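Chemist: The following block contains the structure, expressed as C-alpha cells.
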Amino acid sequence: MSHFGKVEVEYKGEVDIVTKADRESETLIVGAIRKLWPGHDITGEEGTNTKTGSDFRWYIDPLDGTTNFAHGYPVFCVSIALEHRNERIAGVVYDPTRREMFAAEKGSGAELNGRPIHVSKIRDLSECIVATGFPSQKRHRNPNIHFYHQITMKTHGIRRAGSAAMDLAYVACGRFDGYWELNLNPWDTAAGVLIVQEAGGLVTDFWNAPFDIASKEVLAGNPAIHPALMQEIQNVLRGENLEDLPSPVDYAKSRTF
C-alpha cells in the first residue's frame, strides 16, 4: 500500500501496465512460497513460471486491478491459488483497502475474514446486479459491448470494477449475483473461481462447459441466475432474441435543447 496513489507505470504491451508494486508484491509472495515449499511450481503474472513437474502449482496475481491502483482508484487485490494435480484446492483474494480476506479450501466452504459466505439467493435476473470486465488488449475485436447491452436490458444493473478476482469474490459473498468476462488468464481466475464454487455458485465457460484453468471465458453466478445469464450470452453469440440498440443519431435528433 506504500505505493498507492504515487506510482510510476511501465507498459508491457499496447495498453497493459505494470508498476513497481506489482513486481515487489510478486517477489515477496514467491519468496515466501519457495521458503516453505521449495519444490512447488509457480505461475505469476509478472513473469514467474517454474515447471519442475511438481504435483503442486501456485497461481499468483500480485496486484489484480493494476490500472485502478495506478490511478489511485481503490479497487484492487492480491489473488493466490494452489493447485494439486490440476485441481485447485485453495484460494485467497485479499483486498487491502477494505482489509477483506476471501478464502476457500476445496470441500470446506468459503469465508470472508473467517466467517462463512454464500452466493446470493436471488432467482429473477431482473433483480440482479452483475459484473463484467473489458480486456485491455484487442478491445476492437472483443464482443463484450454486445453482451453488456443485452444483459443491461435484462438486469437491475451492471458494474465494471476492473478486477476479475474481486468480481468473483463479490459473487461468492452475494454482493454480485453474477459475473462474466472474456480473455482472462489463469492467475486472474484460479482463486476466485474456487471461492465462488465453495460458496455454492456455478462457474462455466460461455457454452456451459465446466470451468478450466486455461479457459479464457468465465461465467459465474448463483445456481438460479447462472443459467439465465448463460441464455442471454448465447442469444448474443447466436444473434437471437437481441434487445434493440438505441441509435445515438436518433437520440441527438430528439433533443429539445
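The values are calculated or read from the model by the stated rules, or taken from the named source; none is laboratory data. The model shown is predicted, which means the values in this text are computed figures rather than measured ones. Please note: Cβ atoms are built from the backbone with ideal geometry, for glycine as well, and neighbour counts cover all protein chains shown.
Chemist: Looking only at the range 241-251, count how many residues are among the charged types (D, E, K, R) and farther than 18 Å from ASN144 by Cβ. Outline the logic, then answer.
Modeler: Our first condition is that a residue be among the charged types (D, E, K, R); within the range 241-251, this holds for 243-244, 250.
Those left that are additionally farther than 18 Å from ASN144 by Cβ: 244, 250.
Summing the residues that are among the charged types (D, E, K, R) and farther than 18 Å from ASN144 by Cβ in the range 241-251 gives 2.
Chemist: Under 7 Å by Cβ, and 6 or more places apart or on different chains, what pairs join a residue from the range 110-135 that is touching a residue at least 24 places away in the same chain (Cβ under 8 Å) with one that is part of a loop (DSSP other than H, G, I, E, B) and aromatic (Phe, Trp, Tyr)?
Modeler: Here the result reads ILE129/PHE176; VAL130/PHE176; ALA131/PHE176, each pair linking the range 110-135 to a residue that is part of a loop (DSSP other than H, G, I, E, B) and aromatic (Phe, Trp, Tyr).
Chemist: Going through the range 68-94 one residue at a time, which ones are outside any helix (DSSP H, G or I), crowded, with 22+ Cβ neighbours inside 10 Å and not aliphatic (A, V, I, L, M)?
Modeler: PHE76, CYS77, SER79, GLU83, ARG88, GLY91, listed by residue number.
Chemist: If GLY53 meets every condition in (1) free of Cβ contacts under 8 Å to residues at least 60 places away in the same chain; (2) under 17 Å from ASP212 (Cα atoms) apart from one, which number is that one?
Modeler: The failed condition is (2).
Chemist: Moving on to the next point. Looking only at the range 226-257, which residues are touching a Gly at 6+ places or on another chain (Cβ under 8 Å) and loosely packed, with under 10 Cβ neighbours inside 10 Å?
Modeler: Answer for the range 226-257, where residues must be touching a Gly at 6+ places or on another chain (Cβ under 8 Å) and loosely packed, with under 10 Cβ neighbours inside 10 Å: there is none.
Let's see how each residue does on (1) surrounded by fewer than 21 Cβ atoms within 10 Å (Cβ to Cβ); (2) under 28 Å from GLU243 (Cβ atoms):
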{"position": "GLY157", "(1), (2)": "yes, yes"}
{"position": "ARG160", "(1), (2)": "yes, yes"}
{"position": "ALA172", "(1), (2)": "no, no"}
{"position": "ASP177", "(1), (2)": "no, yes"}
{"position": "LEU182", "(1), (2)": "yes, yes"}
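Chemist: How many residues are in a helix (DSSP H, G or I) and farther than 30 Å from GLN197 by Cα if we restrict to the range 221-257? Don't jump to the end; show me each part of the working.
Modeler: Here is the first cut: in the range 221-257, the ones in a helix (DSSP H, G or I) are 225-238, 248-254.
Checking the rest, the ones that are also farther than 30 Å from GLN197 by Cα come to 248-254.
Summing the residues that are in a helix (DSSP H, G or I) and farther than 30 Å from GLN197 by Cα in the range 221-257 gives 7.
Chemist: For PRO223, which of the numbered conditions (1) touching a helix residue (DSSP H, G or I) at 6+ places or on another chain (Cβ under 9 Å); (2) surrounded by 11 or more Cβ atoms within 10 Å (Cβ to Cβ); (3) assigned by TED's automatic domain parsing to the domain that holds ARG159 fails to hold?
Modeler: (1)
Chemist: Would you mind finding the one in ALA90, ALA172, ALA131, ALA164 that is of a type in the set (A, V, I, L, M) and within 22 Å of LYS20 (Cα to Cα)?
Modeler: Details: ALA90 fails: within 22 Å of LYS20 (Cα to Cα); ALA172 fails: within 22 Å of LYS20 (Cα to Cα); ALA131 fails: within 22 Å of LYS20 (Cα to Cα).
That would be ALA164, the only listed residue that is of a type in the set (A, V, I, L, M) and within 22 Å of LYS20 (Cα to Cα).
Chemist: Taking LEU112 as meeting all but one of (1) more than 14 Å from the chain's Cα centre (by Cα); (2) over 19 Å from PHE176 (Cα atoms), write down the number of the exception.
Modeler: So LEU112 meets the others, but not (2).
Chemist: Please return the ranges of helices (runs of 4 or more DSSP H) entirely within the range 119-214 where 1 or more residues are among the acidic types (Asp, Glu) and either closer than 26 Å to ALA81 by Cα or modelled with pLDDT of 95 or more (or both). Walk me through how you get there before you give the answer.
Modeler: On the way: elements: 144-152, 164-172, 186-198.
Correct list: 164-172, 186-198.
Chemist: Same structure, new question: Considering only the range 155-165, I want to know if a residue exists there that is hydrophobic (A, V, I, L, M, F, W, C) and in the same structural domain as ASP22 (by TED's automatic domain parsing). First the steps, then the outcome.
Modeler: First pass over the range 155-165, keeping only residues hydrophobic (A, V, I, L, M, F, W, C): 158, 161, 164-165.
Filter once more, keeping what is in the same structural domain as ASP22 (by TED's automatic domain parsing): none.
Among the residues of the range 155-165, not one is hydrophobic (A, V, I, L, M, F, W, C) and in the same structural domain as ASP22 (by TED's automatic domain parsing), which makes the answer no.
Chemist: Here is a follow-up. Collect the residues in the range 39-63 that are of a type in the set (Gly, Ala, Ser), outside any strand (DSSP E or B) and surrounded by 18 or more Cβ atoms within 10 Å (Cβ to Cβ), keeping them in residue-number order.
Modeler: Initial filter on the range 39-63 (of a type in the set (Gly, Ala, Ser)): 39, 44, 47, 53-54.
So of that shortlist, the ones also outside any strand (DSSP E or B) come out as 39, 47, 53-54.
Of everything in the range 39-63, nothing turns out to be of a type in the set (Gly, Ala, Ser), outside any strand (DSSP E or B) and surrounded by 18 or more Cβ atoms within 10 Å (Cβ to Cβ).
Chemist: Among what's in the range 139-155 and is β-branched (Val, Ile, Thr) and surrounded by fewer than 17 Cβ atoms within 10 Å (Cβ to Cβ), pick the residue that is nearest to the chain's Cα centre (by Cα). So that I can check it myself, show each step before the final result.
Modeler: Looking only at the range 139-155, we keep the residues that are β-branched (Val, Ile, Thr), and these are 145, 151-152, 155.
Now narrow it down to the ones that are surrounded by fewer than 17 Cβ atoms within 10 Å (Cβ to Cβ): 145, 152.
Details: ILE145: 17, THR152: 19 Å.
Result: ILE145.
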